[in-house]
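Reading through the structure tokens given below for one structure.
Rule-based calculations on the coordinates, nothing more; no lab input. Remember, it's a predicted structure, so these values are computed and weren't measured experimentally. Cβ: placed from backbone, ideal geometry, glycine included. Neighbour counts: every protein chain shown.
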Amino acid sequence: MKRLLRHFRGQALRCFLAPLFKMIEATFELLVPLIIAQIIDLGIAGKDKEIIYSRSIQLIILGFVGLLFSVTAQYFSADAAVTFVKKLKHEAYKKIQYLSFAQHNEAGTSGLITRLTGDMDSIQNGVNLTLRLLLRSPFVVFGACVMAFRVDPVSAGVFIGAVPLLSIVIFGIMLITIPRNRKIREAVDSALLTTRESITGSRVLRAFGREQAQAEEFGVKNGVLTRLQERTGRISALLNPLTCMIVNTAVAVLIWLGAKRVDAGIISCGAVVALYSYMSQILVELVKLANLIITLTKSFACAGRVADLLDTQPEEKPAPAGDRDNGAFIEFDNVSFAYSGAGEPVLKNISFTVRKGERIGIIGATGSGKSTLVDLLAGFYNPVEGRIYFEGRDIFSCTDEELARRIAFVEQKPAIFKGTVKSNLALGKEDAGEEDIRAALGAAQALDFVNEKENGINAVTEQGGRNFSGGQRQRLAVARALVKDADILILDDASSALDYLTDSEMRKAVSALDYSAVFIVSQRTGSILDCDKIILLEDGRASIGTHAELLESNEEYRQIHLSQFEEEGEAV
Amino acid sequence: MKKINRGTVAKILRYTRRYNPLIVLSLLLSLVCVACNLYIPVLAGRGIDAIKGINNIDYDTLLYNIGAIIITAALSALSQWIAGNVNNTIAFRVVRDVRNDAMKKISSLPLSYIDSHTSGDTVSRVITDADNFAEGLLMGFTQFFTGIMTILGTLAFMIRISPRITPVVALLTPLSLFVASFVAKKTHNMFLAQSRARGRQTAHIDETVANHNVIAAYGAQEKAISEFDEINDEFARASLRAIFFSSITNPSTRFVNNMIYAGVALIGALSAISGSSPITIGALTAFLNYSGQYAKPFNEISGVITELQNSIACAERIFELIEADSDIPDKENAVNRADIGDDISLENVEFSYTPGRELIKNLNLDVKHGEQIAIVGPTGCGKTTVINLLMRFYDVDSGAIKIDNIDIRDITRSSLRAGYGMVLQETWIKTATVAENIALGKPGATREEIIAAAKSAYAHSFIKRLPDGYDTVISDEISSLSQGQKQLLCIARVMLSLPPALILDEATSSIDTRTEIKIRNAFAGMTKGRTSFIVAHRLSTVRNSDKILVMKDGRVIEQGTHTELIAKHGFYEKLYNSRIS
């Protein structure tokens, strides 16, 4: 939490002046009943018009100066809150950009997005309200009591009784309803889920004739929700009646006590009126304070989560092993990997070497660790055991920046950003010329559909590439990797949405390009059978060979191949 | 200002009619509460007037008024509490009724409605709009009513106490309202600008955080950060303007009220010492009190009017859903699919989703009982549409689909659909346990049956490894299941209910080829004696089919067995051979 506060640096004066000005304004408000008392006691009782005029002018001046102070305070607090959150957002965003893949997985994409959006809004609101109100409301309550004491210590006893009683009622109701409101929100979420599922699952539900059952399920949840709301409503509905009752009773007691004191000649009639006004002011401020505290508890929870994010330390790379020179371009030496939290390792004791200029195919069943293998190669995750060498250097001695520069990685789920085709393709090479881009599009078999778009390579890409089909997005992602000046190309199942024809055209074009190493992850043996080496993954273990070798020696590989090319004669 | 639609109001009244007695009760109670609240300052004023000075206290009057204050306050509190409960009851139950109706509608909506509306939109109608509608309407209505009553009551009380000071309060107080609405109007555009900036920022965050792997792979972090900073600055600027200018409202209205307060004090005090008919100190106190309270109902009413308009708009949205056309009901004499034969035929079927953009044209097909029909072709060629028609998710535009020579429009929908076991590429998992998901089509199934189905879908081994086995709660969104595992579960569903015909639309697309073969063998056991329709882009999956339909651009361009189609040297052969480079 402390880390968050340092982002207020440069805002200190505003953070100090905003509440101060608010309190000055509140002080003015506390003076009003005293002035009214003077009007009554001196002006009316003494039939003195001068007093009435001068005191009324005082009221107007107080109001005007109060306005100036409070508007200035509003500006200071809004500015402090907005600037603070702006800095905080920048820090958090930067932090997220440099989280390791493992840290990113742990935090979860939607969690991270909430940190930057909803949580930040809540913090901004919380800071703003804190500066504006957190001191003001207690100050007015406290001030009103103090003023009452100054007017008449004995009558002020009523305040000592009423304020705690009001606080108990207001905060008590709050405490009781907060957990219930959380339950209501859960019930709403549950009803919402059923609603959404009956829409997203409409085909399946109808196919199984379950659509009525789904509506009935909703009816039950809806009934539970309504009952919860009614029960909680009964408690929250107590707030106004109870507090008004307390204040009115206190007023009655005040008048009674006041009368006795006036009777005894201790205080004036105007003083009774002043005490009455102070009592009314207290209620308004306590209710404001209660609402403020609800907002603040939320903001605090959000701030805590953001602080946790900012406190995340960058993941440190293990110490690199010494260099080794065995002529391999890339080497996996007994590499194992397990995702944190998962028991079974995904990859077990994988060893292989890649020579410069080789093409490597990686194949295996769903969940066999194909993507993990290339993720390790790209440095996205660190092996739990074993070493990966890159031109004889331990990969741990390469910086992320260096790996990112040398490796062009085509992701499994193509990510197309809002912008243009060109801006997407230039992601890895900002100064890419039109020629580079066209060449890459051509090799990726994407030139035709890009040319058909309005504005060609300057065609707009919507968020997520919605205005392109799945296969088109994949080809754009491949083109983006080709634009980059890298010497290693990794295609992680990058053509799964392409038909066989386009897929083979694309592979043909890519293999004509000059890369030091190309890795192709695929489900199809057809896509990798001409690779120099094929790594077959089976429950995290690797079998390595050429297509012919594996076909000969490996039953699993033969099965996969046959499942795709049923008669053997047809295959090669 | 948006015009209020009379039709909508009439529909709203239909929902509230049941609660009319409660509404009347609520209004009566509010009236009592308002009257009491306004009377208390008068009583307090009279009490204060009984305090005349040293040894000059009218204790009888004082005691009488103090007692009256407590009784009135109690009455006010009681009526306010009951009214609050009554209002809650009405609001919550109306929402409940509306939601239940909306949900019933959803289960009978034609697929064309569901496909053409985003699920988020429909969900927000059922959940958010229903809430806004009921709360806005009923709370708004009661607030409006109490507001008006408070204004009228205050005026009446003030005139009774002092006609001379009344105009100061009555005419000047609405000024604060003007100030408030002036600020609101000015800031409206700033809030719009803020939410536009927020939208841009959220979009940027969404795509860069979700695709962090690509950004990291391309080392584009700094680029993303500088883009973010630009949007962040823009948001901060917009946000500061919106927050600051809107936060002027409270100080300004407070200022106006303070001025009125001063005015009342001045004129009140002067008239208290003027000769003709001086007002008492107690009356002046009551007045000061009223001037503080009088602005509130005006502010509330102005808020209520926007709220009412909003709630009517929400009501319109939810009624739009409730009144959407349901599927055409089954014919009265519709037959049961289970009672007729299994031969399926498509005769001159034509269909389009949007009129004028024809998709399926002149489609003919005869399927004998037990045959396996494969549909192949490039994406977007209409394969899935054929399935939509077979399942009667959509009705044909012309021509007919017949089972045992009976038009499927003469068969009850539920029995027609129960006759097919359908597995789609887009898996759908209900938020429920694994067992409940498998038993979706057969809710009474025993655990043994469920396990047997899971085994034949090759899902048993991974289910066993889940934290709670068959009792693990899974869902589409939060689930560690892979796409392939989800497909296996969907296949297990069909394995359990064993319908006479099967529809497999890319049902194994995310399953590796070896498991696919095993499943296919299991299906083969099932499909023996069962008619099946298979959509697949892995041609190896379909080559043994009795008939292969090759579709392109909505038309069946080739039809025949694998051998026949290869011999044709047409589009199919090209597709088939493209597997090998």
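Taking 7 Å steps out from each Cα toward its Cβ at B:K455 and A:E462 produces label points 4.9 nm apart.
The phi torsions of segment A:545-560, fed into the Karplus equation with coefficients 6.51, -1.76 and 1.60 and a -60° offset, translate into couplings of x, 7, 4, 5, 4, 5, 4, 6, 9, 10, 5, 4, 4, 4, 4, 4 Hz, rounded to whole numbers, with Gly and Pro shown as x. Each of A:G201, A:L129, A:A148 was placed along the dipole of segment A:93-201 (beta-carbon charges, centred on the mean Cα), and the one lying farthest toward the positive end is A:A148. Close amide-amide hydrogen proximity is noted between A:E391 and A:I330, A:E331, each under 5 Å apart and 5 or more residues distant or on a separate chain (H modeled in the peptide plane; Pro and chain starts excluded).
Find out how many positive minus negative residues lie around B:A524, taking Lys and Arg as positive, Asp and Glu as negative, among other residues whose Cβ is under 14 Å from that of B:A524. Before the final figure, lay out the partial values.
Values: positive: B:K518, B:R520, B:K528, B:R530, B:R543; negative: B:E371, B:E516, B:D546.
Charge balance near B:A524 sits at +2.
In plain terms, the bigger the Kirkwood radius, the slower the diffusion; for segment A:280-337, with that radius from Cα pairs, at 4 °C and 1.567 mPa s, Stokes-Einstein puts D at 74 µm²/s. Label-to-label distance, B:F145 versus B:R6, with points set 7 angstrom from Cα along the beta-carbon direction: 2.4 nm. Enclosing the Cα atoms of the protein assembly as shown in their convex hull gives a volume equal to 193 cubic angstrom per residue. Taking label positions 7 Å along the Cα-Cβ direction at both A:R541 and A:T399, the computed distance is 4.1 nm, reported to one decimal.
Within straight-line reach of B:K52, meaning a Cα separation under 29 Å, sit the following lysines at least 8 residues removed in sequence or on another chain: A:K47, A:K49, A:K260.
What ranking of B:E426, B:E230 emerges when the number of other C-beta atoms within 10 Å of each C-beta is taken as an exposure proxy, fewest first? It would help to have the intermediate numbers written out before the result.
Details: B:E426 16, B:E230 12.
Least crowded to most crowded, the residues run B:E230, B:E426.
Residue by residue, segment B:160-170 carries 3J(HN,Hα) couplings of 4, 6, 7, x, 6, 7, 3, x, 4, 6, 5 Hz when phi is fed to the Karplus relation 6.51 cos²θ - 1.76 cosθ + 1.60 (θ = phi - 60°); x denotes Gly or Pro.
Once the Cα atoms are used to define both axes, helix A:157-200 deviates from the longest principal axis of chain A by about 30 degrees. Cβ-Cβ distance of A:K298 and B:S352, R₀ of 51 Å, FRET efficiency by 1/(1 + (r/R0)^6): the value works out to about 0.50. In segment A:330-571, a dipole from Cβ-located charges (positive for Lys and Arg, negative for Asp and Glu) runs towards its positive end, and of A:A479, A:S563, A:G364 it is A:A479 whose Cα lies farthest in that direction.
Highest mean first, what order results for A:155-167, A:275-287 on Cβ atoms within 10 Å?
Details: A:155-167: 17.8, A:275-287: 21.3.
Going by the mean number of other Cβ atoms within 10 Å, highest first, we get A:275-287, A:155-167.
Using a 10 Å cut-off on Cβ to Cβ distances, tally the other chain neighbours for every residue of B:46-54 and report the average as a whole number. Write out the running numbers ahead of the final one.
On the way: counts 1, 9, 10, 1, 2, 13, 4, 6, 6.
Mean partner-chain Cβ count within 10 Å for B:46-54: 6.
Sequentially through segment B:19-28, phi angles give Karplus couplings (6.51, -1.76, 1.60; θ = phi - 60°) of 9, 3, x, 5, 5, 4, 4, 4, 5, 4 Hz, Gly and Pro residues having no value and appearing as x. The smallest convex shape that holds all Cα atoms of segment B:163-278, its convex hull, gives 90 Å³ per residue. Once the Cβ-Cβ distance of A:K2 and B:S119 is raised to the sixth power relative to R0 = 45 Å, the FRET efficiency obtained is 0.55.
What the Cα convex hull of chain A gives, in volume per residue, is 232 Å³.
Give me the net charge for the shell around B:I548: Cβ to Cβ below 10 angstrom, other residues only, Lys and Arg +1, Asp and Glu -1.
Working: positive: B:R543, B:K547; negative: B:D546, B:E558, B:E564.
Spelling it out: positives minus negatives among the neighbours equals -1.
For segment B:337-577, the alpha-carbon radius of gyration amounts to 1.03 times the rule-of-thumb value 2.2 N^0.38 Å expected for a compact globular protein. Put a plus charge on the Cβ of each Lys and Arg, a minus charge on the Cβ of each Asp and Glu, and nothing anywhere else: the dipole of segment A:330-571 about its Cα centre is then about 600 debye.
Only Cα sites of segment B:223-377 enter the Debye sum here, all with the same form factor; the resulting log10 I(q)/I(0) across q = 0.09, 0.11 1/Å is -0.75, -0.87, listed in q order. The spread of Cα positions in chain B, taken along each principal axis and listed from longest to shortest, comes to 119, 64, 52 Å. Each Lys and Arg contributes +1 and each Asp and Glu -1, all at the Cβ; summed about the Cα centre of segment B:163-278, the dipole is approximately 760 debye. For the pair A:V154 and A:N334, the difference between a 0.36 nm per residue extended length and the Cα-Cα distance amounts to 56.2 nm. Dipole of segment A:155-249 computed with +1 at Lys/Arg Cβ and -1 at Asp/Glu Cβ about the Cα centre; of A:A187, A:G233, A:G172, farthest Cα towards the positive end is A:A187. For A:I520, nonlocal amide neighbours, meaning residues 5 or more places apart or on other chains whose placed amide H falls under 5 Å from its own, are A:I360, A:G361, A:I362, A:L491. Return the FRET efficiency for the residue pair A:E315, A:N455: r is the Cβ-Cβ distance, R0 is 35 Å, and the value is rounded to the nearest 0.05. For A:E315 and A:N455, the calculated efficiency is 0.25. The rule of thumb for compact globular proteins, 2.2 N^0.38 Å, goes into the C-alpha radius of gyration of segment A:155-249 1.73 times. Only the Cβ atoms of Lys and Arg (+1) and of Asp and Glu (-1) were treated as charged; on that basis the dipole of segment B:337-577 about its Cα centre amounts to roughly 580 debye. Within the set of other residues whose C-beta is less than 15 Å from the C-beta of A:F409, count the net charge using Lys and Arg as +1 and Asp and Glu as -1. That sum, taken over residues with Cβ under 15 Å, equals -2. Computed across segment B:496-581, the Kirkwood radius stands at 14.0 Å (inverse of mean 1/r, all Cα pairs).
Cross-link partners of B:K547 among aspartates and glutamates, defined as those whose alpha carbon lies under 12 angstrom from its own and excluding same-chain residues fewer than eight positions apart: B:D366, B:E371, B:E558, B:E564.
Here the extension length gained between B:E320 and B:L155 equals 55.1 nm, from 0.36 nm per residue of separation less the Cα-Cα distance.
A straight chain from A:I57 to A:D431 at 0.36 nm per residue would run longer than the Cα-Cα distance by 127.6 nm.
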